[in-house]
Amino acid sequence: MGYNQKMFGLGSKRSVIREIFEYSKTRASEIGAENVFDFSLGNPSVPAPSEVNETIKALLSEKDSVSLHGYTSAQGDLSVREAVSNNIRSRFGVNMSPNLIYMTCGAAASLSICLKALVEENSDDECIVFAPFFTEYRVFIENAGARVVISDPVQGTLQIDAKDLEAKINERTKAVIVNSPNNPSGVVYTEETIKALTDILKKKSEEYGHVIYLIADEPYRELVYTDVSVPYLMNYYKNTLVCYSYSKSLSLPGERIGYIAVCPDMEDCVSIYLAVCGAGRSLGYVCAPSLFQHVIGKCIDAKVDIEVYRENRDILYNSLTSYGYECVKPDGAFYLFVRALEEDAYKFYEKAKAHEVLVVPCDDFGIKGYVRIAYCVDKARVLGALPAFKAIAEEYLG
Ligand code: PLP
């Protein structure tokens, strides 16, 4: 056949989440959107901060249209990269340089670029992910030519299990991907966890005589509901690349804007940055959307109002646990990770679906027996779904 079968496979088989989301749209047209309790997609429900829209309008009227919509340099406009690096420097005390920032189309592009930059062609490189993990990691890692290795978490807390990690690392390990606050669990990895993780990475890099890179996937950094702090990984491990996105932090998922930051303390940071530029070039991710680069440059300190998420989290966590569900209490992101009330999460999903409640079975996230509830929805949807969640629990638990 004259085309790539692997790509055909990816294109013809949608992710479980997309599959459910499509079903939800069809079902809404049949019974009305207000009767479908769709918790499938991590699409922010709070608006972007007003200064984002004001900045867009100001840019459109103030800047000349040719330069506003024109190409920036491949790695991003220098003034924007300066704004980003100043922001990292002042928030996290890292001596960041604009020459180590690469503007991209969100975290998905950032991850694909970093993996492509690090993984050797025709090698047997491996990349470790920590369950539960964002399902697209598998696509990005395999596309870069590496093998996915899953490290299992500590039961109950879902923190990284240092012992399991140590057992999974070997001389082929090229990188690990850390996502905190986590999709799908909402867990924030503690400083203790991060120290244990980075101690192992340092020890093993030395033992194998090559660097094991840490890729920090951080789209949810700003979405935290308790006083836990989210450690900035460059401060714990110099061989870190941060993949940041404004999709969730500024509610701009459709605008495709984010960045890669290479740690300035990395020994060969300039070479790694050039490999990032090369990977961006080879994947066609040059010049992230110009208008939104400029918006970010001007709205670098803007924030979305996360109160709605906090309220939804509290209502769902308190209600579901009172009905008998076992939930991991999320400190961040906008997901509730719930143990299915039977072994097979897909069967549980089907039962919930019969009550018009759409949750995501999490087998593909590397842990069996759980479902994910994305609570980035209107409070009315959360409240409307509670009787159904209660009825489902009663069906199982009596
Ligand atoms: N990483 C994680 C953990 C995510 O949950 C997502 C999106 O939901 C992404 C990366 C990709 O985000 P972006 O829209 O920035 O490409």
Percentage relative contact order, the chain, counting C-alpha pairs under 8 Å, at least six apart:
23 percent
Any idea how far apart GLU350 and ASP164 come out in nm if each label point goes 7 Å out from Cα toward Cβ?
2.8 nm
Helix 16-31: angle to the longest alpha-carbon principal axis of the chain, degrees 0 to 90, nearest 10?
50 degrees
Can you list, largest first and rounded to whole Å, the semi-axes you get for the chain by taking the square root of 5 times each eigenvalue of its Cα gyration tensor?
34, 27, 21
Reachable aspartates and glutamates from LYS63, Cα under 20 Å, same-chain residues fewer than 8 places away excluded?
GLU51, GLU54, ASP77, GLU82, GLU255
With -39,500 (n - 2.57) per DSSP H segment of 4 or more residues and division by the full residue count of the chain, the 222 nm estimate, nearest 500 deg cm²/dmol, is -14000 deg cm²/dmol
Pull up the DSSP beta bridges for the chain and report the antiparallel fraction as a percent, rounded to 5.
50 percent
Exposed-loop cut sites defined as chymotrypsin sites (Phe, Trp or Tyr not before Pro) in DSSP loop states with at most 11 other Cβ within 10 angstrom; longest site-free run of the chain spans 72-398
Mind checking the per residue accessible area of the chain for me, 1.4 Å probe, whole number of Å²?
43 Å²
With DNA, RNA and ligands ignored, accessible area of SER67 (1.4 Å probe; Å², nearest 10)
60 Å²
Computing the accessible area with a 1.4 Å probe over protein heavy atoms, can you report the carbon and sulfur percentage for the chain?
49 percent
How big is the antiparallel share of DSSP beta bridges in the range 158-278, given as a percent to the nearest 5?
35 percent
Quick one: which residues, 5+ away or cross-chain, put their amide H under 5 Å from the amide H of TYR232? H built at 1.01 Å from N.
none
Give the lysines whose C-alpha is closer than 24 Å to that of LYS204, dropping any in the same chain fewer than 8 places away, or say none.
LYS116, LYS163, LYS168, LYS174, LYS195, LYS238
Find how many whole Å separate the alpha carbon centroid of the range 342-398 from the alpha carbon centroid of the range 1-44.
17 Å
Note the angle between two axes, namely the Cα long axis of helix 269-283 and the longest principal axis of the Cα atoms of the chain, as a number of degrees from 0 to 90, rounded to the nearest 10.
60 degrees
At 7 Å along Cα-to-Cβ for each site, give me the label-to-label distance between TYR3 and LEU386 in nm.
4.9 nm
Residues of the range 221-258 with amide N under 17 Å of a point placed 7 Å along Cα→Cβ from ASN43:
247-257
Gain on full stretching of the segment that runs from VAL154 to GLU19 - 0.36 nm per residue minus C-alpha separation
45.6 nm
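The values are calculated or read from the model by the stated rules, or taken from the named source; none is laboratory data. Since the structure is predicted, the reported quantities are computational estimates derived from the model, not experimental observations. Neighbour counts are summed over all protein chains in view; Cβ atoms, including those assigned to glycine, are modelled from backbone coordinates with ideal geometry. Quick note on the areas: whole protein, heavy atoms, side chains included, nothing else; ligands and nucleic acids left out. Shrake-Rupley method; radii C 1.70, N 1.55, O 1.52, S 1.80 Å.
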